[in-house]
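Peer 1: Here it is: the structure, laid out below.
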Amino acid sequence: MEELKIDIKILKYDGIHNHFEQEYNAALSFSKYKIKKEIKKSSIPFNIKPKRVFNQISQDIGFICPEFKSIKSQIIRDINKQLPPNISSFEEIPEKHYLYITKQNENFMIFKNRNVIIFQSPFQAFLFKKYSDDLFVDGTFYIAPDFSYQIFITRNFVPELNEFYTTSFSILRNKEQETYKTIFEVIKSNCNITKDNGFAPKNLHCDFERAISNTAIIVFPDITIRYCIWHYKQSLRHHKNKICYNEVNHNRDLYVYYNAILNLPFINPNYILDIFHKIKKSCIENNYNQFLIFLEYFRKTYLIHYDIENWNYYNNIEHITNNASESYNNYIGSLFLKKSTYFRLIYTLNNEISLYPDTYERRMLGVWNKQKRKTLTKTNKIKNIIESYKKMESFLIGNERNRSHIAGLWFECLINLNNKIEFNLFF
């Protein structure tokens, strides 16, 4: 007889006779018992990997361990039994939970009502307040739990490190303006931002969702809205393809006009209307009817509905896209194979922000290298072109040239930008 001891229990099977099936079943039961016991040891089961547990147990019990595929499903069931119960509605979200506590032993769930739950650790609040010049916001749907609408994320730029830090997460039930207002008001209060202490965000970088920008202005009255150029171009591309794709692709003049409109965010805003009317007049004269429909969409949307100053970067060609938020959303999404459950999401976000104090301190002290700027980015190339045209504009003004000459100069700049900058790769 052979004996395998499991604590005070003894698993026995007959090794003398050739009862392979009995031996296999005994080994299978033994392995499942050991694995189940090992899984129960973990207080946080989210990071348990079935294969890793199997490898550990198989080394302990040796050659009698069955193949991984024969007990994989059992391992997964045992892990799932250890997980917190799934949340299916906002009403079920607990006010307190051990997963709300960071590795610094601090609570990072700061607010909950029927429409939103907001997470911001004390260190994230410090970053939000200290680095308030440039605030980036965006929402992602891919990792939002089934009972919610989206995850809304704020990020702040740390210029000393040339790096972005995520400064809050919010799970939204809807995208109503009142919900966004709640988020900004709670964060403002949590970061102790007042009218007089000078820590309010200066620039909000976001897409063209008015509910976000409108509420930001209500909560932070002195903030400047900076709409994302990537979203500007994507919207125009979409409508061009829908309205006048063939007309633009088979007509050199329209191709030039279309790309000129794409580049309007970079030129002197005082001449945008002049250039728009110049393009429109040419299209009327040449019966470019489909493109005229496109121009009307552009006029109503970007010349009337939105303030030109909010999507024009002529005076400060920095942070011209919201890619800092978009790229982080993609990164977070890559951590999940499928739509996340509530507690798995909170566990993952908790792990992320718990690293921030250490990484920030190490980079500030120079223990870790700071992020290096690229030698000559496309943004820098755009700056150089615009600066050269600013000088030419000054020359024309000094020589008392009229407005049409200066508008013509900036129209030439639009064409030059398209010829020298590979926007399709950048935006």
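None of the figures in this text is laboratory data; all of them are computed from the coordinates on show. Remember, predicted model here, so these are calculated numbers, not experimental data. Counting neighbours? That spans all protein chains shown, and the Cβs are built from the backbone with ideal geometry, glycine included.
Peer 1: With the Cα gyration tensor of region 120-190 giving a ≥ b ≥ c as the square roots of its eigenvalues, does the rule (a/c under 1.5 for rounded; else a/b larger than b/c for prolate; else oblate) give rounded, prolate or oblate?
Peer 2: Values: a/c = 2.30, a/b = 1.68, b/c = 1.37.
Cα axes put region 120-190 in the prolate bin.
Peer 1: Most exposed first by the Cβ proxy, i.e. fewest other Cβ within 10 Å, how do Thr301, Thr154 rank? Walk me through the numbers on the way to the answer.
Peer 2: On the way: Thr301 15, Thr154 24.
Arranged by neighbour count, lowest to highest, Thr301, Thr154 become Thr301, Thr154.
Peer 1: Still on this structure, I have one more. List every residue whose amide H lies under 5 Å from the amide H of Ser168, counting only residues 5 or more places away in sequence or on a different chain, with H placed 1.01 Å from N in the peptide plane.
Peer 2: Close amide H contacts, sequence-distant or interchain: Thr154.
Peer 1: Now, a different point. What is the order of Tyr356, Tyr98, fewest Cβ neighbours within 10 Å to most?
Peer 2: Values: Tyr356 19, Tyr98 10.
The order, fewest Cβ neighbours first, is Tyr98, Tyr356.
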